[in-house]
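All of the numbers you see were taken from the coordinates with simple rules; none came from a lab. Values in this document were obtained by computation on a predicted structure and should not be read as measured data. Cβ placement follows ideal geometry from the backbone for every residue including glycine, while neighbour counts extend to all protein chains displayed.
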Amino acid sequence: MQGNFRGGSTSRWLGAALLWVLGVTPLLAADSNIVKTRVAGYREIGAAFKAINDQLRSGTPQPYLLQVSAREIANGTREQYRWFPAGSGPAPGVKTRAKVAIWGQPAKFKALQDNFAAKAGALAAATKGKDAARIQAAAKALGAACKACHTVYREEED
């Protein structure tokens with residue numbers, strides 16, 4: 001079936017459209033998958049942080065639960081560096097609250113990630129002892145590190 005569409009044949013146009021769709025769809029799927037991985041990873045970190053705060057508010061925190069949760073957070077902060085590859089930012093068809101500034105300011109963003117990882121390590125170290133005030137202070141510092149990054153690089157919820 002031959003026809004004209006802006007000076008070209010319909011079959012040529014359809015072929016070009018098909019190649020475009022086949023080329024873009026995997027990219028969108030890849031972006032979508034990395035965003036899902038990123039969201040899941042930070043949700044796990046958030047759940048572990050909530051568990052720590054719940055334990056600290058309980059009046060009788062369980063050292064083992066604090067340690068396991070802190071270790072999960074520390075492990076997550078090591079993984080976070082893989083969650084923001086080029087091309088995984090805001091794009092049509094990809095739902096993310098990550099601001100495009102992440103990819104435009106990589107050194108500043110990495111510095112905040114490094115701070116988050118350091119605070120997570122400090123919390124994990126604090127939970128190995130029995131000093132509740134030290135654990136509380138480390139948890140507060142970790143929360144401040146989360147907030148520092150979210151303030152700059154995360155869109156508000158709708």
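Fully extending the segment from E44 to E156 would add 38.4 nm, taking 0.36 nm per residue of separation and subtracting the current Cα-Cα distance. Using a simple spin-label model with pseudo-atoms 7 Å out from Cα toward Cβ, L56 and D131 lie 1.5 nm apart. Between K36 and A141, full extension at 0.36 nm per residue minus the direct alpha carbon distance yields a gain of 35.1 nm. Within straight-line reach of K99, meaning a Cα separation under 22 Å, sit the following lysines at least 8 residues removed in sequence or on another chain: K36, K108, K110, K147.
Here S32, S58 are placed in order of increasing Cβ neighbour count within 10 Å, fewest first, which gives S58, S32.
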